[in-house]
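Peer 1: Pasting in a structure now, in structure tokens, and then I'll have a few things to ask.
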Amino acid sequence: MKKLFILTAFFVILSSDCQFSQAVELNSYGLKTGMNVSNVRGTIFKYAPTLKQESDNYNTFTFGVFTEFALNDKFSFRPELMYSVKGYILEIAQTNEIGTFLGYEDWIARYNFIELPLMFVYSPVDNIILKPSFFAGPYGAIFIDGWGKYGNEKQNFRTKYLNRFEYGFTAGIGLQYDQFTIEGRYSQAFTEPLDYTGAENYVYTFLLGYSLKK
């Protein structure tokens with residue numbers, strides 16, 4: 001009986017997979033690269049609340065690959081695999097031993113991630129030269145490495161302070177011309193990159209894509 005149940009379950013899964021494969025068609029695949037305008041939202045240093053907590057944007061880069069599967073004539077599913085650099089710049093006041101203000105020094109934090117965005121795409125029209133699309137979906141990311149730089153001193157973020165995984169949400173718009181696409185998107189993390197910070201990453205990304213399958 002147990003063997004019969006396992007065999008029946010196997011054929012159900014197999015038949016479902018075949019039906020899914022027939023319903024979903026590989027629409028395109030290709031490459032993407034672009035610029036990240038990155039920052040954080042929240043309390044940067046939880047254990048030093050008197051420090052300035054308003055950071056500036058850190059302009060970085062991202063690149064990767066994508067595939068897109070057509071679900072019907074207007075909706076598609078697009079997983080991506082991206083290398084993405086995030087971070088922020090924080091100005092910290094400098095004083096001498098008697099408390100005289102000397103100016104500001106930048107603290108630069110940089111985080112390197114491998115990201116897997118899972119985008120659901122809506123393309124309202126298909127019979128014009130510039131085809132618009134709207135997309136949104138979750139993403140997961142693995143922290144690869146990172147560092148903080150203050151003046152001439154640079155330190156790697158130690159493993160015990162790292163949150164290895166980040167997840168969040170992404171939404172944006174795109175325009176496609178032939179095999180080229182341009183995109184603008186916003187990503188908001190729901191997790192903090194380091195244990196001693198209470199701030200989450202957010203990124204504005206501008207991408208240029210090229211489809212290897214039209």
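Peer 1: If you take just the strands (runs of 3 or more DSSP E) that sit entirely in segment 97-158, which of them hold at least 2 residues that are of a type in the set (A, V, I, L, M, F, W, C), touching a residue at least 12 places away in the same chain (Cβ under 8 Å) and under 21 Å from Asn36 (Cα atoms)? Explain how you work it out, then say what you get.
Peer 2: Working: elements: 101-122, 131-150, 153-156.
Where strands (runs of 3 or more DSSP E) fall fully within segment 97-158 and carry at least 2 residues being of a type in the set (A, V, I, L, M, F, W, C), touching a residue at least 12 places away in the same chain (Cβ under 8 Å) and under 21 Å from Asn36 (Cα atoms), they are 101-122, 131-150.
Peer 1: Those residues that are at pLDDT 50 or above and small (Gly, Ala, Ser), I need them from segment 10-42; list them, please.
Peer 2: Answer for segment 10-42, where residues must be at pLDDT 50 or above and small (Gly, Ala, Ser): Ala23, Ser28, Gly30, Gly34, Ser38, Gly42.
Peer 1: Still on this structure, please answer the following. Can you find a residue that is of a type in the set (Ser, Thr, Tyr), modelled with pLDDT under 95, out of contact with any His (no Cβ under 7 Å at 6 or more places or on another chain) and loosely packed, with under 13 Cβ neighbours inside 10 Å anywhere in segment 100-113?
Peer 2: Yes, because at least one residue in segment 100-113 is of a type in the set (Ser, Thr, Tyr), modelled with pLDDT under 95, out of contact with any His (no Cβ under 7 Å at 6 or more places or on another chain) and loosely packed, with under 13 Cβ neighbours inside 10 Å.
Peer 1: Which one of the conditions (1) modelled with pLDDT of 80 or more; (2) out of contact with any Pro (no Cβ under 6 Å at 6 or more places or on another chain) does Leu194 fail to meet, given that it meets all the rest?
Peer 2: Looking at each condition in turn, Leu194 falls short on (1).
Results for (1) modelled with pLDDT of 85 or more; (2) assigned to a strand (DSSP E or B), shown as yes or no for each residue.
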| residue | (1), (2) |
| --- | --- |
| Pro49 | no, no |
| Asn72 | yes, no |
| Ser76 | yes, yes |
| Val85 | yes, yes |
| Ile92 | no, yes |
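Peer 1: Right, something else. Against the condition modelled with pLDDT of 70 or more, part of a strand (DSSP E or B) and over 28 Å from Asp145 (Cα atoms), how does Phe61 come out, does it pass?
Peer 2: no
Peer 1: Can you report the number of residues in segment 128-161 which are polar (S, T, N, Q) and either touching a strand residue (DSSP E or B) at 6+ places or on another chain (Cβ under 9 Å) or at pLDDT 80 or above (or both)?
Peer 2: Number satisfying all stated conditions: 3.
The values are calculated or read from the model by the stated rules, or taken from the named source; none is laboratory data. On a predicted model such as this, the values are computed, not experimentally measured, just so you know. Every residue, glycine among them, receives a Cβ derived from its backbone with ideal geometry; neighbour counts consider all protein chains shown.
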